[in-house]
Amino acid sequence: MVCYPYSPSKDRGRGLDRYIFELLQNLPGTRSGMKLHTLHQGLASGVMAAGAKLLRLIADLLVAKADVYHAMTPIGGATAALLGKAPLVVSIHDMLPFNVKGYDYSWKLWYMRVCTIISTRKSDAIIVPYEVTKTELISRFNVKESKIHVVNYGVDHSNYHPVAGDRKVPGRVLYIGEVSRSKGVDALIRAFTIVKKRINGVELLIGGKRSKDTPWLEVLCREMGPGNIAFLGYIPEDKLRDYYSSATVMVFPSRSGFGLSTLEAMACGTPVVVGSVFDAPEFVGDGGILVHPDDIKGMATNILRVLTEPEYREMLSKKAIDRAKAFSWERTAQETADVYTEVTQSKSGKSVILK
């Protein structure tokens with residue numbers, strides 16, 4: 001398992017760290033005879049540190065020997081592919097480097113695009129979380145459909161679930177995720193400004209890691225006038241369920257698609273309002289409200305409806321719980337193991353991983 005530039009953890013607030021952690025926890029390991037080994041070089045802050053970690057990855061890969069290699073991102077996938085590691089499975093989580101501009105450094109987007117192209121061409125199998133990503137890979141790069149495997153992300157239902165006696169805080173609007181424009185936090189602040197003019201006593205809690213946009217977003221809050229908006233910063237894993245459960249509505253108006261916090265809130269029975277772009281319609285389904293992240297009035301209207309209509313809110317809560325049941329990390333891991341089996345069978349004529 002080639003983790004660079006991420007590292008297995010559920011406590012750092014990074015979705016791909018969590019993805020790797022959950023795979024390691026849930027892959028069928030001892031039951032199947034699979035022996036897992038991870039290559040992770042730790043966290044890197046800044047370009048120089050990232051470059052040093054990449055050199056270490058190259059050194060680690062040069063001596064690594066395995067029946068199958070799984071790169072968690074196209075960056076690790078391109079490195080493994082250029083070093084001739086095979087059979088190679090690469091997880092491509094989205095196509096944002098080809099679609100979203102203006103929220104990141106151009107050189108970084110270019111590098112991610114190059115790594116995605118290399119990974120797509122030189123891997124033996126590709127894992128994507130949703131059909132929309134598969135469709136774009138096929139149309140953009142003419143990838144064989146049989147090479148791409150759709151394996152959804154999961155939810156830790158042992159932690160995120162409704163609990164009898166949970167009490168909602170009336171008028172609480174919640175956001176959990178990176179505090180950035182790419183996640184639509186500016187649109188949420190503007191929509192909440194409309195909401196607070198219609199309802200007294202509402203509050204907006206913004207939880208998540210800071211980004212380069214956060215200072216500007218804090219200024220935007222002040223420009224929007226006085227109101228109950230609080231920036232909570234990073235919220236530890238063991239506190240998240242309490243926040244999800246206390247909110248009347250969770251809003252994730254991302255301009256870049258999927259957010260794990262959306263599924264976690266749904267599993268807790270909290271109604272969600274989600275940005276209707278990229279893979280969001282596919283994972284939300286009928287379990288939440290979809291609205292374009294730049295439709296400020298539409299977002300405010302939907303938030304107001306959830307806050308003011310108890311029967312509608314209860315219906316959304318039930319739908320959210322039912323929809324979230326379709327996703328689990330156990331299923332993610334098992335379907336990932338099935339991909340390992342397929343590529344080893346294809347390369348050797350027999351499987352080296354038992355089911």
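The values are calculated or read from the model by the stated rules, or taken from the named source; none is laboratory data. Quick caveat, the model's predicted, so the values are computed rather than measured. Positions of Cβ are generated from backbone atoms using ideal geometry, with glycine treated the same way; all protein chains shown enter the neighbour counts. Only protein heavy atoms, including side chains, enter the accessible area calculation; ligands, DNA and RNA are left aside. Shrake-Rupley method; radii C 1.70, N 1.55, O 1.52, S 1.80 Å.
With Cα atoms as the point set, the chain shows a radius of gyration and Dmax of 20.9, 67 Å.
Could you work out how far the C-alpha centroid of region 217-276 sits from that of region 1-42, in angstrom? Taking the Cα centre of region 1-42 as reference, the centre of region 217-276 is 26 Å away. Proximity of backbone amide H atoms, modeled 1.01 Å from N, is registered between residue 276 and 291, 292 at under 5 Å, excluding neighbours fewer than 5 places apart on the same chain. In order along region 340-346, phi translates into HN-Hα couplings of 4, 4, 5, 6, 6, 5, 5 Hz, rounded to whole numbers, per the Karplus curve 6.51 cos²θ - 1.76 cosθ + 1.60 with θ = phi - 60° and x for Gly and Pro.
Heavy-atom surface analysis with a 1.4 Å probe gives region 250-323 a carbon and sulfur content of 50 percent of its accessible area. The phi torsions of region 107-114, fed into the Karplus equation with coefficients 6.51, -1.76 and 1.60 and a -60° offset, translate into couplings of 5, 5, 4, 4, 4, 5, 5, 4 Hz, rounded to whole numbers, with Gly and Pro shown as x.
Skip the ligands, DNA and RNA, and give the accessible area per residue of the chain with a 1.4 Å probe, whole Å².
It amounts to 46 Å² per residue over the chain.
Using alpha carbons only, how many degrees (0 to 90, rounded to 10) separate the axis of helix 214-223 from the longest principal axis of the chain? So the inclination is approximately 10 degrees.
Across the chain, C-alpha contacts under 8 Å between residues 6 or more apart give a mean separation that, scaled by the residue count, equals a relative contact order of 18 percent. If you take all other residues with their beta carbon under 9 Å from the beta carbon of residue 248, and give Lys and Arg +1 and Asp and Glu -1, the sum is +3.
Measuring nothing but how far apart in sequence close Cα pairs (under 8 Å, 6+ apart) lie, relative to its length, region 104-223 scores a relative contact order of 21 percent. Taking all Cα pairs closer than 8 Å and separated by 6 or more residues, the relative contact order of region 170-284 comes to 31 percent. For residue 268, the accessible surface of its heavy atoms amounts to roughly 10 Å² (probe 1.4 Å, protein chains only, rounded to the nearest 10). Taking 272, 47, 179 in turn, the Gaussian network model of the chain (Cα-Cα springs below 10 Å) assigns the largest fluctuation to 47. With every protein chain in place and a 1.4 angstrom probe, the accessible-area ranking of 14, 172, largest first, reads 14, 172.
The solvent-accessible area of residue 107, taken with every protein chain present and a 1.4 Å probe, is close to 130 Å².
Across region 212-259 the C-alpha pair distances fall into 5 Å bins from zero in the proportions 4, 14, 17, 26, 25, 12, 2 percent.
Working note: 222 nm ellipticity from helices only, DSSP H runs with n ≥ 4, each -39,500 (n - 2.57), summed and divided by the residues of the chain, gives -14500 deg cm²/dmol to the nearest 500.
Which entries in 122/347; 108/134; 65/144; 168/196; 297/318; 65/134 show an alpha-carbon gap greater than 20 Å?
Listed pairs above 20 Å: 108/134; 65/144; 297/318; 65/134.
Normalised by 2.2 N^0.38 Å, where N counts its residues, the alpha-carbon radius of gyration of region 230-355 equals 1.32.
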